[in-house]
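Below you'll find the structure I mean.
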Amino acid sequence: MADGKKTEPQEFTGWRAIFWPIHSSELKKFLPMALMMMGILFNYSVLRGTKDSLVVTNMGAEAIPTLKLWFVLPAAVLFMIIYSKLSNIFSKNGVFYIVVSFFLAYFTLFALILYPCFDSLTPDLTGNVNNEFLKSLLVPIQGWVFSSFYVMAELWGSAMISLMFWRFANDVTSLKQSKRFYAMFGFVANGALIVSGGVLKTVKNVSLVSGIAVAICIVIIGIYYWLNNYVLTDPKYFNPDEIKKPKKKVKLSLGESLKYIMSSKYLGYIVLLVVCYGISINLVEVMWKDQVKILCPTPAQFSGFMGGLQIWTGAATIFFMLVGANILRRCSWFTAAMMTPLMVFITGLIFFGCIIFKDLMSPMISACCSLSVLEVIAYIGLAQNVLAKGVKYSLFDSTKEMSYIPLDDELKSKGKAAVDVIGGRAGKSGGAAINFLLLNVIFIGSKLADIAPVVATIFVVIMLIWFYAVRGLNFEFLKITSEKK
């Protein structure tokens, strides 16, 4: 050009704008990043299905609340402390390699030594213990091989998706490019859920599954190295001047977060959304996995069933992303935000109703189809999980992030930090704490199915709070946006 200015590629229109808004010149950057995210999600899905099959079939679904509350939560806090220390010592690339190598080393150890030798590595700690509360704590310690795998699989999701990938993507993607790239990352990468489901259904050897996770770790490291050394060194793909430097992330302690949220009704409603989602999903999932264990008692059978979950979740997520994008464009914030709690509430009630009234349903089901009542409950729980997560990924996350937009800069930054601390912790551990108290303090010695009516009642209360939070947040949202017009 005569004026020396860089010509911007023409924007897409029509179907291309919806399904593939990526320029050919950007593929060298986009495809490796999409494949890296796909590898991370593949491992997340495979590890999630495997960890559930190992824990539920060897310890029982009752062990999940104990693991989440007393093992996963402290491990996540410890990881964040170590991550912060590493970030102060090493470069971003160095931290990435250290974190991925840590997971690679563990899953290699699990595949070669821990799982093949788990019988000899499992001490007898519960044989002479009659106290149910103490026994519930000792069971995960006794089965530390499976417990450690469960914790590491949980950490992979929060560490590799939230921290490693998105931090990297935000550092090397301009704001204009991110509007096209980020949605497509989701479309491409969620295909990994379908592939991982096929792996869980066909590969029955746990050591081999762990070995596949190791291979994916190596591929992720290779892609990251290639991007940094052969793609992002070219100004055509990465120009630091085009990347808006983010403000220093606000970090608040637990006490500071509580104080900040208590001072803002608006933020309080957002916290309720996050907490209610986490608790409601956990209450349904633990009860459902307990029923699946009865139907699929061996790790191979359970893993195969979870493989079906991953396949359907991947397909549903892709579908709901397309539908959700249109809902967000055409409907009000309130309508879009209510979709997730309505889906969770309706499907959750159907699931709990099937468990509570399964004796009444059994003759009717036998007369209508060849499935047993247990199979019907398992498949209804599967549908609930798939639909709830599909709507969550497409609408819940989007509407939650949209609710921050009208806030001023200080409230937006500190508020989001506070919600991440309080909402994230309470949402993930709240459901586990409720199940743990019900099983080990209030209804000592009971099985999960025995306390289904109580759990269902708590579920309804949580959902009513969720509806209240959406309504309240919508009122505050409209008030702020109208004041700024």
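The values are calculated or read from the model by the stated rules, or taken from the named source; none is laboratory data. This structure is a prediction, so every number in the text was calculated from the model and none was measured. Here Cβ is always computed from backbone atoms with ideal geometry, including for glycine, and neighbour counts include all displayed protein chains.
Here is a check on your reading of the model: is T399 buried (at least 22 other Cβ atoms within 10 Å of the Cβ), of a type in the set (S, T, N, Q) and modelled with pLDDT of 80 or more?
So T399 fits the description; yes.
Can you find a residue that is touching a Gly at 6+ places or on another chain (Cβ under 7 Å), more than 17 Å from S207 (Cβ to Cβ) and in the same structural domain as V72 (by TED's automatic domain parsing) anywhere in segment 134-151?
no
Right, next: Looking only at helices (runs of 4 or more DSSP H) that fall completely inside segment 221-331, which ones have 3 or more residues that are at pLDDT 85 or above?
265-295, 299-330
Any residue at all in segment 75-87 that's over 28 Å from S429 (Cβ atoms) and free of Cβ contacts under 8 Å to residues at least 60 places away in the same chain?
No, that holds for no residue.
Here is a follow-up. Mind checking which pairs have a first residue in segment 143-170 that is within 22 Å of A111 (Cβ to Cβ) and a second that is outside any helix (DSSP H, G or I), Cβ under 7 Å, 6 or more apart or different chains?
G143/T122; V145/Y115; V145/F118; V145/L121; V145/T122
OK, next. Would you mind stating whether S394 is loosely packed, with under 14 Cβ neighbours inside 10 Å, of a type in the set (S, T, N, Q) and in the same structural domain as Y269 (by TED's automatic domain parsing)?
No; evaluated as a whole, the condition is false for this residue.
Out of all the residues in segment 435-451, which are buried (at least 22 other Cβ atoms within 10 Å of the Cβ) and either among the hydrophobic types (A, V, I, L, M, F, W, C) or not assigned by TED's automatic domain parsing to the domain that holds T335 (or both)?
F436, L439, L448
Out of all the residues in segment 34-74, which are closer than 20 Å to G307 by Cα and of a type in the set (D, E)?
Within segment 34-74, D52 is the sole residue that qualifies.
With outside any helix (DSSP H, G or I) and either at pLDDT 90 or above or not assigned by TED's automatic domain parsing to the domain that holds W288 (or both) as the only criterion, which of A34, A76, A61 stands out?
On inspection, the qualifying residue turns out to be A61.
Continuing with the same structure: Considering only residues of segment 86-137 that are in a helix (DSSP H, G or I) and of a type in the set (S, T, N, Q), which is surrounded by the most Cβ atoms within 10 Å (Cβ to Cβ)?
Here the answer is S136.
Would you mind finding the one in S280, S264 that is of a type in the set (S, T, N, Q), surrounded by fewer than 24 Cβ atoms within 10 Å (Cβ to Cβ) and touching a residue at least 24 places away in the same chain (Cβ under 8 Å)?
Only one candidate qualifies: S264.
Ok, one more. Please work out which one of (1) at pLDDT 80 or above; (2) over 30 Å from L437 (Cβ atoms); (3) not acidic (D, E) is the condition S178 fails and give its number.
(1)
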